[in-house]
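Some notes on the structure that comes next.
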Amino acid sequence: MSEEEYYKKHISLLLRNLSKCCLENSEDYHRYDDKDLENATLIFSHVLMDVIFSENKHLNEEKINDLAIEVGSHVRELIRWSTGKDMHEIVKIK
């Protein structure tokens, strides 16, 4: 098994377990902090970008990069619109 396959297998397993945990505790109100939002956004963006790149192989690299940047901007705007938080500012605070 290559290193890439090893990490994909383990990341997928972790995502399934995390998803299961979230679903099993969906009724509980959690007080997630900015670091939790940052981590969740990073994980979501990582998976989303992987799918964007793998599903758009028919596009040239420049168009895929432009698409990825635009999608990232939309995710940032969605978070800002729905929470008032700017992920660029949250990440900068580290």
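The values are calculated or read from the model by the stated rules, or taken from the named source; none is laboratory data. Because the structure is predicted, anything quoted here is derived from the model rather than measured. So basically every Cβ, Gly included, is an ideal-geometry build from the backbone, and we count neighbours across all protein chains shown.
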task = Report the residue count in segment 56-65 for those that are surrounded by 11 or more Cβ atoms within 10 Å (Cβ to Cβ) and either more than 20 Å from the chain's Cα centre (by Cα) or in a helix (DSSP H, G or I) (or both).
result = 4
ask   = Restricting the search to segment 4-40, which residues are among the polar types (S, T, N, Q) and at pLDDT below 85?
value = Asn25, Ser26
key: Residue satisfying all of: in segment 31-53; hydroxyl-bearing (Ser, Thr, Tyr) and surrounded by 13 or more Cβ atoms within 10 Å (Cβ to Cβ); nearest to the chain's Cα centre (by Cα) among these   = Ser45
ask   = How about segment 19-67: which of its residues are of a type in the set (D, E, K, R) and under 29 Å from Ile93 (Cα atoms)?
value = Asp28, Arg31, Asp33, Asp34, Lys35, Asp36, Glu38, Asp50, Asp66
query = Any chance segment 12-30 includes a residue that's acidic (Asp, Glu), over 16 Å from the mean Cα position of the chain (by Cα) and in a helix (DSSP H, G or I)?
reply = yes
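Filter segment 31-52 down to residues that are aromatic (Phe, Trp, Tyr) and not in a helix (DSSP H, G or I), then give me how many there are. Quick ask: steps written out before the conclusion?
Taking segment 31-52 first, the residues aromatic (Phe, Trp, Tyr) are 32, 44.
With not in a helix (DSSP H, G or I) added as a condition, the list becomes 32.
Number satisfying all stated conditions: 1.
How many of the residues in segment 66-94 are of a type in the set (D, E, K, R) and surrounded by 13 or more Cβ atoms within 10 Å (Cβ to Cβ)?
4
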